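Below: the structure, in structure tokens.
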Amino acid sequence: MTLNVGVIGTGMIGQDHIRRLSRVLSGVRVAAMTDVDLTRARAAAVEGATVHESGQALIADPDVDAVLVTSWGPTHEEYVLAGIAAGKQVFCEKPLAPTRAACERIMDAEVAGGRRLVSVGFMRRYDAQYRALKAAVTGGEIGAPLLMHAAHRNPSVPDTYTSDMIISDTAVHDVDVARWMFDDEVAAVTVLKPRVSAKAKAGFHDPLFVLLEMANGVLVDVEASVNAGFGYDIRGEVVGEDGTAELSESAGAVVKRAGSYAGRVPRDWRERFVHAFDAELQAWIDAVTGGDTSGPSVWDGYAATVVCETGLAALRSDAREPVVLRDVPDLYKEPSR
Ligand code: NAD
Ligand code: ISE
């Protein structure tokens, strides 16, 4: 069986996902696409796909079995809710939505329907290096975890990127990694502001230092920066009672010559996480084709957004802010596949 997928939002990641759905992954076809910028949607169209005038029309299209939401974060809620109302499986790029209130409306709708229809695109959970790191931690190789150091360095960000997005759109990945790595919720957030980079856009606190306190006492520090210039540099090291485990360089090959060594720094998230994106979407396609879903749930999307919203409050208050979550609805008590 071939899963017919409709893509809403044909910007950077929408185009990249259309490429992998059309040319890399199996059991799937891009049946439709749309964007508020219809010229962009038409330019991204693949053979045999329908270009719809709106996301709502795409979701209503009987030729669309499942929906991929890759538009800007604040627009996700509308399309995810429409997908749930239509009873279609939805893969929504992160963040599920940028506010707690929007995530709660999505959760209420999914819980009312009684089945999981939404998967959130936290692709790091499918990255081979992050999986090896988690295996080392959960396998007890480094003893009980005490803390994690993480860095999330972007070479640059587009003009549409706003200062709050350093936390709500960038550090949100590190929040999801922390929750997943330690099977625990974040209890409090503090945000420290180093000296502002001369390369930062006006009004940006860049870089930021986000300190996550997990409920079990593990501390996670995240350096988030969006104008590193030199490349896309993702780091993670867990410190345990008996040792440490860290992500390795993603250089491909390390070349040693003339008394020094060198390797490539990935250009951007597309290059660094190409295989993780492939794996997360193939898992979703296979699950949806089998009548199920896979990957991070609406609860995961909600929890990450609440932590980020709390982080933005901490950024403004210069204080440690506690994270307050709802009780977990029964629908999300089974772990995500
Ligand atoms: P982008 O600006 O390149 O593309 C977004 C597209 O959405 C644009 O073409 C825009 O015209 C369109 N759009 C905006 N509002 C719309 C609406 N109401 N209806 C339909 N289309 C609309 O942005 P991007 O970098 O591709 O990011 C898109 C989403 O994907 C964001 O949520 C972002 O956080 C996420 N993302 C995730 C990753 C990842 O690593 N998982 C990487 C990049 C982006
Ligand atoms: C982008 O939306 C992503 O999700 C990338 O993975 C992240 O590194 C970048 O900072 C975000 O803007």
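Structure values in brief
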item: Candidate set from segment 183-199 (those that are open to solvent by 20 Å² or more (accessible area, probe 1.4 Å) and hydrophobic (A, V, I, L, M, F, W, C)); member that is nearest to the chain's Cα centre (by Cα); result: 187
item: Test: residue 13 is near ligand 1 (Cβ under 10 Å from one of its atoms), touching a Phe, Trp or Tyr at 6+ places or on another chain (Cβ under 7 Å) and modelled with pLDDT of 95 or more; result: no
item: Enumerated strands (runs of 3 or more DSSP E) restricted to segment 59-176, each holding at least 2 residues that are β-branched (Val, Ile, Thr) and surrounded by 22 or more Cβ atoms within 10 Å (Cβ to Cβ); result: 66-69, 118-121
item: Qualifying residue in segment 212-219 (condition: within 16 Å of ligand 2 (Cβ to nearest atom) and under 17 Å from residue 304 (Cβ atoms)); result: no
item: So residue 36, is it modelled with pLDDT of 95 or more, over 27 Å from residue 290 (Cβ atoms) and outside any strand (DSSP E or B); result: yes
item: Residue within segment 255-264 that is touching a residue at least 40 places away in the same chain (Cβ under 8 Å) and either under 18 Å from the mean Cα position of the chain (by Cα) or open to solvent by 10 Å² or more (accessible area, probe 1.4 Å) (or both) present; result: no
item: Pair list, Cβ < 6 Å and 6+ apart or interchain, from segment 84-106 residues that are in contact (Cβ under 8 Å) with a residue 40 or more places away in the chain to residues that are of a type in the set (S, T, N, Q) and assigned to a helix (DSSP H, G or I); result: 95/305; 98/168; 103/305
item: Any hit, segment 206-213, residues being of a type outside the set (Lys, Arg), at positive phi and either open to solvent by 10 Å² or more (accessible area, probe 1.4 Å) or in a loop (DSSP other than H, G, I, E, B) (or both); result: no
item: Subset of segment 133-192 that is aliphatic (A, V, I, L, M) and over 27 Å from residue 97 (Cβ atoms) - its residue that is farthest from ligand 2 (Cβ to nearest atom); result: 144
item: Residue match in segment 147-159 (condition: touching a Ser or Thr at 6+ places or on another chain (Cβ under 6 Å), among the hydrophobic types (A, V, I, L, M, F, W, C) and at pLDDT 95 or above); result: no
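Condition check ((1) within 20 Å of residue 285 (Cβ to Cβ); (2) part of a helix (DSSP H, G or I)) across all residues:
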residue: 7; (1), (2): yes, no
residue: 10; (1), (2): yes, no
residue: 16; (1), (2): yes, yes
residue: 29; (1), (2): yes, no
residue: 43; (1), (2): no, yes
residue: 47; (1), (2): yes, no
residue: 56; (1), (2): no, yes
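The values are calculated or read from the model by the stated rules, or taken from the named source; none is laboratory data. Quick caveat, the model's predicted, so the values are computed rather than measured. A quick note on method: Cβ atoms are made from the backbone with ideal geometry, for glycine too, and the neighbour counts reach across all protein chains shown. Quick note on the areas: whole protein, heavy atoms, side chains included, nothing else; ligands and nucleic acids left out. Shrake-Rupley method; radii C 1.70, N 1.55, O 1.52, S 1.80 Å.
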